[in-house]
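A quick write-up on the structure given underneath.
The values are calculated or read from the model by the stated rules, or taken from the named source; none is laboratory data. Values in this document were obtained by computation on a predicted structure and should not be read as measured data. With ideal geometry, Cβ positions are generated from the backbone for all residues, glycine too; neighbour counts draw on all protein chains shown. Heavy atoms of the whole protein, side chains included, go into the accessibility calculation; ligands, DNA and RNA do not. Shrake-Rupley method; radii C 1.70, N 1.55, O 1.52, S 1.80 Å.
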Amino acid sequence: MKVLHIGKEGNMERYTVPTPFIQQLEKVSLPNGLDAARYLEAAGDADFIIADAVAPVTGELIRGMPNLKLIHSEGVAFNSFDVAAATAQHVYVCNCQGMNASAVAEQAILLMVGMLRNVANNDAAVRAGRQITTKEGYMKRGDLRELADCSVGLVGFGDIAQATAKLLRAYGVEEIYYYKRHSLPQEAERQLGATYLPLEELLSQSDIVSLHLPVSPATMHTADDAFFAQMKQGSYFVNTARGELVDDEAMVRALASGRLAMAGLDTLNHEPVQPDHYLLHQPEEISRRLLFSPHIGGITASSFRRGYQMVWEDIQAAAEGRTPRRAVNRW
């Protein structure tokens with residue numbers, strides 16, 4: 001049996017723990033972005049595709065592979081795959097749901113604490129020889145906060161948000177709120193230490209609001225002027241999900257008005273971020289209240305190892321005529 005890998009060269013080998021099943025597979029690895037004809041020329045007889053989560057897997061490619069049984073995302077996303085074409089051909093589409101939940105949750109907590117302790121500006125102050133004046137300023141104002149002092153609202157409550165809730169409890173946060181389309185059973189809420197609130201109530205009651213939504217036409221620019229206007233004055237905003245969820249200009253207006261004290265962002269709209277990005281050209285009053293990280297929340301080595309374990313489990317199931325555990329389609 002043959003596997004076509006569409007993605008970064010070396011990832012499949014780097015994060016795979018070999019097993020007898022995996023070792024007997026023939027593997028062809030090609031970069032993202034080639035025409036379907038190029039993939040078909042190299043591996044048109046492949047039984048399985050493993051693809052970068054953002055790699056287009058088109059209907060033309062799927063229909064041109066008569067042996068294809070399964071397409072597996074290397075990550076959680078699969079919106080670049082033609083699921084309808086795969087389903088029509090009785091080809092499973094799978095993803096690695098949950099592979100990066102703990103990693104992204106850690107990144108969300110990092111940004112929360114990083115804002116509360118103003119870590120980037122404090123680093124700059126020490127490097128500039130202003131350690132004592134900066135420290136004394138905090139002591140005089142009394143405005144350094146601990147995470148346990150805050151109420152936290154999680155917008156979206158899937159695997160990552162639930163992992164974030166568990167970490168928040170470890171930090172001593174007692175007021176954890178969540179919003180999703182349907183609330184969880186009370187026992188699940190009790191175990192996670194989180195309380196359901198309608199979105200407008202969550203925004204008005206949370207000192208920190210963290211986004212954990214997928215991107216869809218319905219969620220684009222969820223964080224807009226109306227969203228920020230409902231948040232507490234002087235609250236904090238975190239996005240470790242997708243940049244398209246945020247209206248950048250509305251966020252800057254919220255920072256300028258003081259509605260937001262700071263925003264911590266692991267992802268921005270219009271990635272990859274270029275030097276002319278709107279958020280990189282704000283006045284000092286805004287710029288010093290933005291804390292960035294380069295969309296690294298989910299790319300820990302452990303995340304990739306977990307992901308590839310899921311990939312090979314699903315491929316082996318399909319090879320043996322079983323339904324893969326993580327299939328997102330049926331027929």
Discussion item. Counting only Cα atoms, I'd like the Rg/Rh figure for region 238-306, Kirkwood definition for Rh.
Written reply: 1.02
Worksheet item: When all protein chains stay in place, what accessible area (Å², nearest 10, 1.4 Å probe) is found for residue 58?
Response: 60 Å²
Fill in: Protein accessible area in region 115-218, 1.4 Å probe - carbon and sulfur %
50 percent
Worksheet, complete the sentence: In whole Å, largest first, the alpha carbons of the chain cover along the principal axes 70, 47, 36
Worksheet item: So what's the projected area for region 81-187, the Cα convex hull averaged over all directions, in nm²?
Response: 10.8 nm²
Discussion item. Rounded to the nearest 10 Å², what accessible area does residue 25 have for a 1.4 Å probe in the complete protein model?
Written reply: 10 Å²
Fill in: Solvent-accessible area of residue 308 with every protein chain in place, 1.4 Å probe, in Å² to the nearest 10
10 Å²
Discussion item. Mean-square fluctuation check for the chain, GNM, Cα pairs under 10 Å: which of 174, 136, 26 is largest?
Written reply: 136
Response to the item:
Expressed in angstrom, Rg and Dmax over the Cα atoms of region 198-331 are 18.8, 60
Worksheet entry | Carbon plus sulfur fraction of accessible area for region 19-58, probe 1.4 Å, in percent | 54 percent
Worksheet item: Can you tell me the accessible area per residue over region 141-299, all protein chains present, probe 1.4 angstrom, in square angstrom?
Response: 48 Å²
Worksheet item: Of the cross-linked pairs 180/232; 166/232; 69/180; 8/69, which ones have a Cα-Cα span greater than 28 Å in the structure shown?
Response: 69/180
Response to the item:
In whole percent, the Cα-Cα distances of region 22-69 spread across 5 Å bins from 0 upward as 4, 21, 34, 27, 10, 3
Discussion item. Give me P(r) over region 4-146, computed from all C-alpha to C-alpha distances, binned every 10 Å, as integer percentages.
Written reply: 10, 30, 20, 11, 13, 11, 5, 0
Worksheet entry | Total charge dipole magnitude, region 55-146, about the Cα centre, Cβ charges on Lys, Arg, Asp, Glu only, Debye to nearest 20 | 440 debye
Worksheet entry | the chain, dipole about Cα centre (Lys/Arg Cβ +1, Asp/Glu Cβ -1), debye to the nearest 20 | 660 debye
Practice prompt. Report, in debye and to the nearest 20, how large the dipole of region 169-229 comes out about its Cα centre when Lys and Arg carry +1 and Asp and Glu carry -1 on their Cβ.
Written response: 280 debye
Worksheet item: List the GluC sites (Glu not before Pro) in region 278-331 that DSSP assigns to loop (not H, G, I, E or B) and whose Cβ has at most 10 other Cβ atoms within 10 Å. Which are they?
Response: 320
Worksheet item: Using 7 Å Cα-to-Cβ label points, what is the residue 166/residue 216 separation (nm, one decimal)?
Response: 2.5 nm
Item to complete: Given the options 89, 107, 23, state which has the largest fluctuation in a GNM of the chain using a 10 Å cut-off (strictly under) for Cα springs.
Response: 23
Discussion item. Could you tell me the center-to-center distance, by alpha carbons, between region 136-179 and region 241-314 in angstrom?
Written reply: 18 Å
Worksheet item: Name the residues of region 31-50 whose amide N is less than 13 Å from a point 7 angstrom out from the Cα of residue 2 along the C-beta direction?
Response: 38-49
Worksheet, complete the sentence: Over region 43-138, with neighbouring protein chains present, the accessible area per residue in Å² at probe 1.4 Å is 42 Å²
Worksheet, complete the sentence: The ³J(HN,Hα) series, computed from each phi in region 115-132 with the Karplus coefficients 6.51, -1.76 and 1.60 at θ = phi - 60°, rounded to the nearest Hz and given as x for glycine or proline, is 6, 4, 9, 6, 4, 5, 5, 5, 4, 5, 5, 5, 5, 8, x, 10, 4, 5
Worksheet item: Which loop-located trypsin sites (Lys or Arg not before Pro) does region 253-327 contain, where loop means any DSSP state but H, G, I, E or B and the Cβ has at most 11 other Cβ atoms within 10 Å?
Response: 322, 325
